[in-house]
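The values are calculated or read from the model by the stated rules, or taken from the named source; none is laboratory data. None of the values given here were measured: they were computed from a predicted structure. Here Cβ is always computed from backbone atoms with ideal geometry, including for glycine, and neighbour counts include all displayed protein chains. In case anyone asks, the SASA skips ligands and DNA or RNA and just uses the protein heavy atoms, side chains included. Shrake-Rupley method; radii C 1.70, N 1.55, O 1.52, S 1.80 Å.
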Amino acid sequence: MRIRGLGVIEDAVLDLSPGFTAVTGETGAGKTMVVSGLDLLFGGRAETTRIRPGADRATVEGRLLLAADSSVARRAEEAGAAVDPAGTDEAGRERVELLLGRVIGQSGQGRDGQSQAQAQAGSGAAVRSRAHLGGQAVPVSVIADLGEELIAMHGQSAQQRLLQPARQRAALDRYAGEAVSRPLAAYRAAYQEYRSVAAQLEELTTQARERLQEADALRYGLSEIEKVEPVAGELEELIAEAQRLGNAESLRSAASTAHEALVASDDTGPARDAASLVNAARRAVDQAKGDDAALGPIATRLEELYWLLTETATDLAGYLAGIEADPVRLEVVHERISDLENLCRRYGPTVEDVLAWAERGVLRLAELDGDDDRIESLTARRDELRAQLAGYAGEVSGARAAAAEKFAAAVTTELTELAMPHARIAVNVAQRVIAADAAPVATGGDASALPVPDPDTGAERLVAFGPNGVDDVELRLAPHPGAPLLPIGKGASGGELSRVMLAVEVVFAGADPVPTFVFDEVDAGVGGKAAVEVGRRLARLARTAQVIVVTHLPQVAAFADRQLLVRKENDGSVTSSGVVVLDEAQRRRELARMLSGLEDSELGQAHADELLAAAHAERG
């Protein structure tokens, strides 16, 4: 792993051992930056406070060796990463190499949109960062997802998180494995459906009055429309008819005058109407066209004009016959227009819009009228889901209780090895009982209750439940005989808490499938024989996994397969020359310094030799 511009580290390369690597150094030398670098590399939170003062960015790059058929290698290739062959391991399995990197910068916008200056003004403000996987730019979430399968981080902050009941339940579930995960997955699927059904029921029942009012309004509107029976395009036709009826006399006078001008109705005098005059012209030209062929086309046009005038006169006569001053019909038309315009004001703005509203209203009314059936159906489904949840929850609780006994026994055994021989750990798996008179809350929501059997009497009782089942999980400690079992945050001193949490971490890590474990000074507050046992336990864990430990205890560092020393240069920075792999002689000097504060102390080096010999015997 290469780290640049992170905390006190200017530029350093770390070669981590496949087994147990211990990272040591003076206080403030930058040991914790190794853990910070690993955290960033695998998708941890990017913060401005991590960037080295004076640097514009922090960069962490890593090289991973993976089994060629591993899920991580497959998922990396699916993300577009380049995965290169890297020979075979000791068992002859094909391996591949995967490069990944993370860059956080001192410029740009933070994830919440604030400026960099604003981000730096706040403690630990998040900044925009970039991630690379196998030469391909990827979202940080991609490497974070892969990191969950690759590395488990255990440190002081992790201890504080494990003091939280929710974290303790999650840890127990992971320790229990498939015995819990399988029924819990089924439980969560049923729980999500239950929440959805309960929400629909709540909406239908709590909004019943509003829905009834909506249904009444729809019925009233549909009855109004049904009474009028509007037809598309009808309003425009009625408006035109009303205009004709309202101007009947003036229209009749105009049509009559035009008709008389075309065809006179008086046969006593000389013909002065247009049709007669054109007809006379037609006959005159028709008689003369024999003398001049040029008059033939003119005669034809005059004949066409005569017949056009005659037909127009006939149309005018028909129009005159159809015009009536009918006040009764006019009143009927005005009333119909008024009815249609009233509908348009309410449901329009056009008759077509009114008809569309009516279609939608019929469908919506059918939906509202079917609420009773829906309520009945949803209620039946809710009760069915509650019965399923009760069954799944009972299975989850049983598996948790069984895992809790094994987990507590394993941690207690570890504490015995960590110089707490009389300490006892218990994992309490309990439910919150809801009084019978509170049963109505079981109709839905987060505060609902499930009927489950009492583990002691077998009688059914109502207990609170949520997305993770019905159980509250709490780790409790009795540090010595006669002491009551108390939550570990209250029942242990500082040194005891460190050993308890380390024991929990080691037991939990042994059940965790990830190949790499990182421990950041979880041995704080431990010393003497207990510290030797801490080193021994970590060395045993390193037989099956890669273990990286940042420690200030020589008893722990002595058990490492490889020891890295982090030291500052004269200017206060850590460069590539400031992170070294110690050989045997250098380890003796470093362990002597950690033991006595004097690296050249003969007594300290003799003690270091004893520690190294004990560790070598343990590794076998």
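Identify the residue in the range 456-483 that is in contact (Cβ under 8 Å) with a residue 12 or more places away in the chain and assigned to a loop (DSSP other than H, G, I, E, B) and, among all such residues, is surrounded by the fewest Cβ atoms within 10 Å (Cβ to Cβ).
Residue satisfying both the conditions and the ranking: PRO481.
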*Taking the range 540-553, which residues are in contact with a strand residue (DSSP E or B) (Cβ under 8 Å, 6 or more places away or on another chain) and either open to solvent by less than 10 Å² (accessible area, probe 1.4 Å) or not in a helix (DSSP H, G or I) (or both)?*
ALA542, ALA545, GLN546, VAL547, ILE548, VAL549, VAL550, THR551, HIS552
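Considering only the range 333-352, how many residues are over 42 Å from the mean Cα position of the chain (by Cα) and open to solvent by less than 70 Å² (accessible area, probe 1.4 Å)?
At the first step, the residues of the range 333-352 found to be over 42 Å from the mean Cα position of the chain (by Cα) are 333-346, 349-352.
The next check asks that each one be open to solvent by less than 70 Å² (accessible area, probe 1.4 Å); those that pass are 333, 336-338, 340, 342-344, 350-351.
Of the residues in the range 333-352, 10 are over 42 Å from the mean Cα position of the chain (by Cα) and open to solvent by less than 70 Å² (accessible area, probe 1.4 Å).
Regarding LEU6, is this residue under 32 Å from the mean Cα position of the chain (by Cα) and on the phi < 0 side of the Ramachandran plot?
On the way: under 32 Å from the mean Cα position of the chain (by Cα): yes; on the phi < 0 side of the Ramachandran plot: yes.
So LEU6 passes the test.
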*Just one of ARG102, ARG128, ARG111 is within 24 Å of the chain's Cα centre (by Cα), modelled with pLDDT of 90 or more and within 22 Å of GLY5 (Cα to Cα); which is it?*
ARG102
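Determine which member of the set ALA199, ALA185 is exposed (fewer than 14 other Cβ atoms within 10 Å of the Cβ), closer than 30 Å to LEU368 by Cβ and among the small types (Gly, Ala, Ser).
On the way: ALA185 fails: closer than 30 Å to LEU368 by Cβ.
One residue alone meets the criteria, ALA199.
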_Of all residues in the range 353-376 being among the small types (Gly, Ala, Ser) and surrounded by 13 or more Cβ atoms within 10 Å (Cβ to Cβ), the one that is farthest from GLY221 (Cα to Cα)_ = ALA356
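Take the residues in the range 516-539 that are in a loop (DSSP other than H, G, I, E, B) and among the aliphatic types (A, V, I, L, M); name whichever of them is nearest to MET1 (Cα to Cα).
Of everything passing the filter in the range 516-539, VAL522 is nearest to MET1 (Cα to Cα).
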_Looking at the range 578-601, I want the residues that are on the phi > 0 side of the Ramachandran plot and without any contact (Cβ under 8 Å) to a residue 12 or more places away in the chain and have a partner that is open to solvent by 40 Å² or more (accessible area, probe 1.4 Å) and acidic (Asp, Glu) with Cβ atoms under 7 Å, at least 6 apart or on another chain. Which pairs are those?_
none
*Hey, does the range 46-66 have a residue that's modelled with pLDDT under 90, in contact with a Lys or Arg (Cβ under 7 Å, 6 or more places away or on another chain) and surrounded by fewer than 18 Cβ atoms within 10 Å (Cβ to Cβ)?*
no
*Within the range 379-436, count every residue that is in contact with a His (Cβ under 9 Å, 6 or more places away or on another chain) and of a type in the set (Gly, Ala, Ser).*
1
*In the range 433-447, is there at least one residue being modelled with pLDDT of 85 or more, part of a helix (DSSP H, G or I) and open to solvent by 70 Å² or more (accessible area, probe 1.4 Å)?*
no
*How do the strands (runs of 3 or more DSSP E) wholly within the range 1-46 filter down when requiring 2 or more residues that are closer than 23 Å to ALA137 by Cα: which remain?*
2-6, 9-13
*Residue within the range 172-180 that is open to solvent by 50 Å² or more (accessible area, probe 1.4 Å), within 20 Å of the chain's Cα centre (by Cα), closer than 24 Å to PRO467 by Cβ and without any contact (Cβ under 8 Å) to a residue 60 or more places away in the chain present*: no
*Any residue in the range 71-82 that's farther than 11 Å from GLU149 by Cβ and open to solvent by 10 Å² or more (accessible area, probe 1.4 Å): show its pairings with residues that are among the hydrophobic types (A, V, I, L, M, F, W, C) and assigned to a helix (DSSP H, G or I) at Cβ separation under 8 Å, as long as the two are six or more apart or on different chains.*
ALA79/VAL142
*Only one of (1) under 31 Å from the mean Cα position of the chain (by Cα); (2) open to solvent by 10 Å² or more (accessible area, probe 1.4 Å) is not met by VAL13, so which one is it?*
(1)
*Report the residue count in the range 17-43 for those that are open to solvent by less than 40 Å² (accessible area, probe 1.4 Å), more than 15 Å from PRO53 (Cα to Cα) and touching a residue at least 60 places away in the same chain (Cβ under 8 Å).*
17
*Could you count how many residues in the range 10-33 are closer than 19 Å to ARG562 by Cβ and at pLDDT 85 or above?*
13
*Name the pairs whose Cβ atoms lie under 7 Å apart, with the first residue in the range 484-499 and farther than 18 Å from ARG167 by Cβ, the second open to solvent by 40 Å² or more (accessible area, probe 1.4 Å) and modelled with pLDDT under 85, and 6 or more positions between them or separate chains?*
GLY494/GLY525; GLY495/GLY525
*For ALA137, all conditions in the list (1) modelled with pLDDT of 50 or more; (2) part of a helix (DSSP H, G or I) hold save one; what is the number of the exception?*
(2)
*When the range 566-600 is examined, which residues are found to be at pLDDT 80 or above and polar (S, T, N, Q)?*
GLN586, SER596
*So, in the range 273-331, of the ones that are touching a residue at least 24 places away in the same chain (Cβ under 8 Å), farther than 21 Å from ALA254 by Cβ and open to solvent by less than 40 Å² (accessible area, probe 1.4 Å), which residue ends up farthest from the chain's Cα centre (by Cα)?*
ASN279
